[in-house]
Amino acid sequence: QVQLVESGGGVVQAGGSLRLSCTASGRTISFYTMGWFRQAPGKEREFVASITWSSGTQYYADSVKGRFTISRDTAENTGHLQMNSLKPEDRAVYYCAANDRTAWRRVGDYDYWGQGTQVTVSS
């Protein structure tokens, strides 16, 4: 089992920045991909970004490309999502997720989830 704990959410004005972190514990040796998803009120959970743990290969949703950056610290078993130029439509609960295979885009591709952290962007 892998346990994930997110931190770093909060309230920020439009145009501002936040950095989310996700610390993994447990059976992290089986880690392959860490992803970030978000869910706004009344909407489905959607893909934001993912990173292959070993190689650092990154994937982004078009809506965040150029504004968000995903990274990882393998020594600390921690992933980060740096969010710049935040917009009101970025408001959501952000979840980190992990799996032990190469798939990375869909909610169903991930086996382990954090509890989520709220990001609120005021206009």
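Return the total of residues in the stretch 52-61 being β-branched (Val, Ile, Thr) and outside any loop (DSSP other than H, G, I, E, B). So that I can check it myself, show each step before the final result.
The initial filter retains those residues of the stretch 52-61 that are β-branched (Val, Ile, Thr), namely 52, 57.
Among the residues that remain, those that are also outside any loop (DSSP other than H, G, I, E, B) are: 52.
Count: 1.
With Tyr60, Tyr94 as the choices, which residue is more than 17 Å from Val121 (Cβ to Cβ) and of a type outside the set (D, E, K, R)? I'd like the intermediate steps shown before the answer.
On the way: Tyr94 fails: more than 17 Å from Val121 (Cβ to Cβ).
Residue meeting the stated conditions: Tyr60.
Would you be able to tell me the number of residues in the stretch 79-99 that are in a strand (DSSP E or B) and open to solvent by 10 Å² or more (accessible area, probe 1.4 Å)?
At the first step, the residues of the stretch 79-99 found to be in a strand (DSSP E or B) are 79-83, 92-99.
Imposing the further condition that a residue be open to solvent by 10 Å² or more (accessible area, probe 1.4 Å) reduces the set to 80, 82, 93, 95.
Number of matching residues: 4.
Being β-branched (Val, Ile, Thr) and touching a strand residue (DSSP E or B) at 6+ places or on another chain (Cβ under 6 Å) is the filter; apply it to the stretch 65-77 and report the residue that is most open to solvent (accessible area, probe 1.4 Å).
Going residue by residue through the stretch 65-77, those that are β-branched (Val, Ile, Thr) are 69-70, 74.
Now restrict to residues that are touching a strand residue (DSSP E or B) at 6+ places or on another chain (Cβ under 6 Å): 69-70.
Working: Thr69: 68, Ile70: 2 Å².
For the stretch 65-77, the residue satisfying everything is Thr69.
Name the residues in the stretch 1-51 that are part of a strand (DSSP E or B), of a type in the set (D, E, K, R), within 19 Å of Tyr110 (Cα to Cα) and open to solvent by 50 Å² or more (accessible area, probe 1.4 Å), would you?
Quick first cut of the stretch 1-51, residues part of a strand (DSSP E or B) only: 2-7, 10-13, 18-26, 33-39, 46-51.
Then keep just the ones that are of a type in the set (D, E, K, R); that gives 6, 19, 38, 46.
Okay, now just the ones that are also within 19 Å of Tyr110 (Cα to Cα), so 6, 38, 46.
Answer for the stretch 1-51, where residues must be part of a strand (DSSP E or B), of a type in the set (D, E, K, R), within 19 Å of Tyr110 (Cα to Cα) and open to solvent by 50 Å² or more (accessible area, probe 1.4 Å): just Glu46.
Quick one: is Tyr60 of a type in the set (Phe, Trp, Tyr) and free of Cβ contacts under 8 Å to residues at least 40 places away in the same chain?
Working: of a type in the set (Phe, Trp, Tyr): yes; free of Cβ contacts under 8 Å to residues at least 40 places away in the same chain: yes.
Yes, satisfied.
The values are calculated or read from the model by the stated rules, or taken from the named source; none is laboratory data. Predicted model only: the values in this text are computed from it and were never measured. FYI the Cβ positions are ideal-geometry reconstructions off the backbone, even for glycines, and counts take in every protein chain you see. For the accessible areas, the whole protein counts, side chains as well, though only heavy atoms, and no ligand, DNA or RNA atoms are used. Shrake-Rupley method; radii C 1.70, N 1.55, O 1.52, S 1.80 Å.
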